[in-house]
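Here the structure is laid out as structure tokens; the discussion comes afterwards.
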Amino acid sequence: MLRETTLEGVIDKELVAIERIKQYEPEEGYYVAFSGGKDSIVVYDLVKRAGVKHDVHFNATTVDPPEVVKFIKTYYPEVDWIRPKKSMFQIIVKHMMLPTGNMRFCCHELKEIGGKGRTVVLGVRREESMRRRNRLVYDESKRQKGKMFLNPIVDWSEDEVWEYIHKYNLPYPCLYDEGYKRVGCIMCPLQNIKGRERDKERYPKYYNAYLLAIKRMLKKEKKLVNRLKMVIRQKK
């Protein structure tokens, strides 16, 4: 519950989150990272309720679910779209591998490219994964010096996120009502096998584009191997 009674008194998590946002407000304003997912919907609403200076951005990945793309364009037309220099399929060929749960170069090149030198507001929550269990409310990026992260709902549960959305009647992507727990990239490696199979059936054009990228990747790998063999022969 967003409002809890403890030995120390009543804790209102909404007010706590808003105070966190006010506390760390930078002079130039916040860079709000918006994905169209439930957590970012809540965070963006809290930022607006806090009355702080901000600008909001969506990092398009080229493999975003069409339903999410339509949702953002319909309900959040003010969001600034940041489009990548290369598509997901191009960076697969570039790295000569598919993204994995531990090797998510796609996130680094497609989703985490904005907010340099800014304080970025995220919808990250500790409950989401072991990797995020130790996330702080306010912390500096380990990849970009001077880039700060504010996670105002880091200690919220999924139920509390939905409680907030329903309380304020906030719109959200239809995929959640169809059983999706997350609405990130199509075929994201953080999904389980069932989730990826569901994406394969729902988005066949994207699935086929992944297959084509794999073929191009293997073709590039073969060329490199042949080139290497030629160099070795020349040295003998």
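Quick note: the coordinates plus some simple rules give every number you see, no bench work behind them. Since the structure is predicted, the reported quantities are computational estimates derived from the model, not experimental observations. Cβ atoms come from the backbone with ideal geometry, glycine included; neighbour counts cover every protein chain shown.
From the list ASP155, ASP139, the lone residue that is of a type outside the set (A, V, I, L, M) and not in a loop (DSSP other than H, G, I, E, B) is ASP139. If you check LYS220, LYS200 for being of a type in the set (Lys, Arg) and in contact (Cβ under 8 Å) with a residue 40 or more places away in the chain, only one passes: LYS220. Looking at the range 133-192, which of its residues are in contact with a Pro (Cβ under 9 Å, 6 or more places away or on another chain) and small (Gly, Ala, Ser)? GLY184, the sole residue that qualifies. Scanning the range 146-161 for residues that are surrounded by 15 or more Cβ atoms within 10 Å (Cβ to Cβ) and of a type outside the set (Gly, Ala, Ser) yields LYS147, MET148, PHE149, LEU150, ASN151, PRO152, ILE153, VAL154, ASP155, TRP156, GLU160, VAL161.
Looking across the range 89-136, the residues that are among the basic types (Lys, Arg) and not in a loop (DSSP other than H, G, I, E, B) come down to LYS94, LYS111, ARG126, ARG131, ARG132.
What are the residues in the range 108-136 that are surrounded by fewer than 16 Cβ atoms within 10 Å (Cβ to Cβ), of a type in the set (A, V, I, L, M, F, W, C) and touching a residue at least 24 places away in the same chain (Cβ under 8 Å), if any? Answer for the range 108-136, where residues must be surrounded by fewer than 16 Cβ atoms within 10 Å (Cβ to Cβ), of a type in the set (A, V, I, L, M, F, W, C) and touching a residue at least 24 places away in the same chain (Cβ under 8 Å): just ILE113. Which residue is farthest from the chain's Cα centre (by Cα), if the candidates are limited to the range 92-140 and must be polar (S, T, N, Q) and farther than 18 Å from GLU25 by Cβ? Restricting to residues being polar (S, T, N, Q) and farther than 18 Å from GLU25 by Cβ, the top hit is ASN134.
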